[in-house]
Amino acid sequence: MPLLPLIESIATHVRDGQSVALEGFTHLIPFAAGHEIIRQGRRRLHLIRMTPDLIHDQMIGMGCADRLTFSWGGNPGVGSLHRLRDAIERQWPHPLSITERTHSEMGVAYQAGSSGLPCALMRHYADTDLDRALGADARTITCPFSGERLRAVAAITPDVTILHAQQADRKGNVLIRGIVGAAREAALAARCLLVTVEEQVDELDAPLNAIVLPHWLVSAVSVVPGGAHPSYAAGCYERDNRFYLEWDQIARERGRFQQWMQAYVLGSRDHAELLGRLRVAA
């Protein structure tokens, strides 16, 4: 497992046209990695996340993606993602294809991918509009043992999964603590796993219910303090609620959005400089 600067990690492992899962549930959202993907001008990405929020709004608005698979998308506690809506409703900056699943369908699809299975099975209680929207990604089947109707959901196997975590040790083992969401399943389901961390330590001290991803699973680790800002990293820093409120106004109008991205993301060499421009302590 190499320890790489983030710019080198993205340049080496993320290519145009790939499926890229940036997971993180309420915290540990890999904003720094998403910003580096924007700086490097990646295109035609298939973005995957259970709950896409601001970083996906930014990547979509900057033309990085032409497809999104998700279960819920929004600015949590505030409202809509305006760049996501603009892409869907007005095809700006270009059309965006979406595949909407339920939370549970996303979870079991990641689990199937992490288990090396082609699909996951769920109980199927009633037909919904999402059944039609999923199309080829889901089927209703009959259990050969009980005769019950089951929902078969295609596995999610990202080309690249990107996570943020609190620590990595000298061998490259990664510690994730706090709310873990689908991080473990997304990591195991991917062909390539990139991780940004708050710090590197000699040894991990994993508390109860934490996750340790083994070094042989990780393609590259990058030490990026504050790499989840404006989301939070449990035990490291709090959520920047003010930024989430401000983003609602920044993203509403295309021109202001582009000016902000140029000034803060494209105009910064790395995440540390971006945080400095925002005057955030890493």
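The values are calculated or read from the model by the stated rules, or taken from the named source; none is laboratory data. Predicted model only: the values in this text are computed from it and were never measured. All Cβ positions, even for glycine, are placed from backbone atoms using ideal geometry, and neighbour counts span all protein chains on display.
Of all the numbered requirements in (1) within 23 Å of G74 (Cα to Cα); (2) surrounded by 22 or more Cβ atoms within 10 Å (Cβ to Cβ); (3) of a type in the set (G, A, S), G178 misses one, and that requirement is (2).
N209 meets all of the listed conditions (1) under 18 Å from the mean Cα position of the chain (by Cα); (2) among the polar types (S, T, N, Q); (3) in a loop (DSSP other than H, G, I, E, B) but one, namely (1).
This table checks each residue for (1) surrounded by fewer than 16 Cβ atoms within 10 Å (Cβ to Cβ); (2) closer than 21 Å to D159 by Cβ; (3) among the hydrophobic types (A, V, I, L, M, F, W, C).
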| position | (1), (2), (3) |
| --- | --- |
| Q40 | yes, yes, no |
| H56 | no, yes, no |
| M62 | no, yes, yes |
| L84 | no, no, yes |
| A87 | no, no, yes |
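Criterion first (in the same structural domain as V20 (by TED's automatic domain parsing), in a strand (DSSP E or B) and over 30 Å from A251 (Cβ atoms)) does A120 satisfy it? Answer is no for this residue. Is it fair to say R49 is in the same structural domain as Y237 (by TED's automatic domain parsing), in contact (Cβ under 8 Å) with a residue 24 or more places away in the chain, under 18 Å from L194 (Cα atoms) and not polar (S, T, N, Q)? It is true that R49 is in the same structural domain as Y237 (by TED's automatic domain parsing), in contact (Cβ under 8 Å) with a residue 24 or more places away in the chain, under 18 Å from L194 (Cα atoms) and not polar (S, T, N, Q). Condition (residue is surrounded by fewer than 24 Cβ atoms within 10 Å (Cβ to Cβ), on the phi < 0 side of the Ramachandran plot, of a type outside the set (V, I, T) and part of a loop (DSSP other than H, G, I, E, B)) applied to the range 19-31: is it met by at least one residue? Scanning the range 19-31 turns up at least one residue that is surrounded by fewer than 24 Cβ atoms within 10 Å (Cβ to Cβ), on the phi < 0 side of the Ramachandran plot, of a type outside the set (V, I, T) and part of a loop (DSSP other than H, G, I, E, B). I'd like to check something: does the range 253-264 contain any residue that is outside any helix (DSSP H, G or I) and of a type outside the set (D, E)? Checked against the condition, which is being outside any helix (DSSP H, G or I) and of a type outside the set (D, E), the range 253-264 yields no hits at all. Among the residues of the range 99-109, are any closer than 18 Å to A21 by Cα and part of a strand (DSSP E or B)? Yes: one or more hits.
Does A187 count as surrounded by 22 or more Cβ atoms within 10 Å (Cβ to Cβ), of a type in the set (A, V, I, L, M, F, W, C), in a loop (DSSP other than H, G, I, E, B) and modelled with pLDDT of 95 or more? So A187 fails the test.
Considering each of V195, V201, V223 in turn, give the residue that is in the same structural domain as R15 (by TED's automatic domain parsing), buried (at least 20 other Cβ atoms within 10 Å of the Cβ) and either among the hydrophobic types (A, V, I, L, M, F, W, C) or under 17 Å from the mean Cα position of the chain (by Cα) (or both). On inspection, the qualifying residue turns out to be V195.
Test W72 against the stated conditions and say whether it is surrounded by fewer than 24 Cβ atoms within 10 Å (Cβ to Cβ) and in contact with a helix residue (DSSP H, G or I) (Cβ under 6 Å, 6 or more places away or on another chain). Answer is no for this residue. The set of residues in the range 89-98 being in a strand (DSSP E or B) and either in contact with an Asp or Glu (Cβ under 8 Å, 6 or more places away or on another chain) or crowded, with 20+ Cβ neighbours inside 10 Å (or both) consists of S97 alone.
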